[in-house]
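As structure tokens, the structure follows; a few thoughts come after it.
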Amino acid sequence: MTVIRAVLFCTGVAMSLPPIAARADAGHDNGTPHASGAVSLTVARVEAQSDLFEIVGVVENGAMTLFLDRFATNDPVTDAKIDLEVGAVKGSAQAHPDGTYSFKHAALTQPGQFPVTFTVTAGTDSDLLAGELVLADPTAAKVGASDNPWPWRWGWVAGALLLVAGIAIAWWSRRGRGKGASQ
């Protein structure tokens, strides 16, 4: 009966530990980019809405991809003219056949916090939308993630402690059984 208790105790301790993600080092990722459900820290977003329109901008690699919808119906707006101002940079977004718009500028690669103003004209409707864009420093995210080797080692430490606890419990239960049999 004490062995069952020891196994249940060790199982309970193991289940209470936080899960540890598997990591692949360079050269062990099969050379293909992998899709992840996790949100990347280097992808910046800006959102703005009014009574007429809702716009979302996603910035990656110096380009902002814009998604424009009617606010009331959530229908995509594919025939609009979008002028935008990001900080001190002004320009127009280019429409694409898939209903998205894009704006490229070197300023979108520089980290910082920028006010964004969208001027949207679609048919007879026109609106001014404002949002805030925060571009993180991509080197800061990489330094923080790779400089500390301890997060993956905590799994080994926890496993070793669990093993030692299991051995101690098994030894303790055998020691108690031996005393009871000799008396």
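Read-outs throughout are calculated quantities, based only on the coordinates presented, and are distinct from any laboratory measurement. Keep in mind the model is a prediction, meaning the values are calculated, not measured. Quick reminder, even Gly has a Cβ in these numbers, built from the backbone with ideal geometry, and neighbours come from all protein chains shown.
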Nothing charged except the Cβ atoms of Lys and Arg (+1) and of Asp and Glu (-1): what's the magnitude of the dipole of the range 44-139 about its Cα centre? Round to the nearest 20 debye.
300 debye
Quick one: order Phe103, Phe114 by neighbouring beta-carbon count within 10 Å, fewest to most.
Phe114, Phe103
Using the count of nearby Cβ atoms within 10 Å as a rough guide to exposure, how do Arg175, Arg70 rank from fewest to most?
Arg175, Arg70
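How long are the semi-axes of the equivalent ellipsoid of the range 44-139, defined as square roots of 5 times the Cα gyration tensor eigenvalues? Whole Å, largest first.
Working: eigenvalues 100, 34, 27 Å².
Semi-axis lengths for the range 44-139 are 22, 13, 12 Å.
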Which of Val89, Val120, Val164 has the fewest other C-beta atoms within 10 Å, and how do the rest follow up to the most?
Val164, Val89, Val120
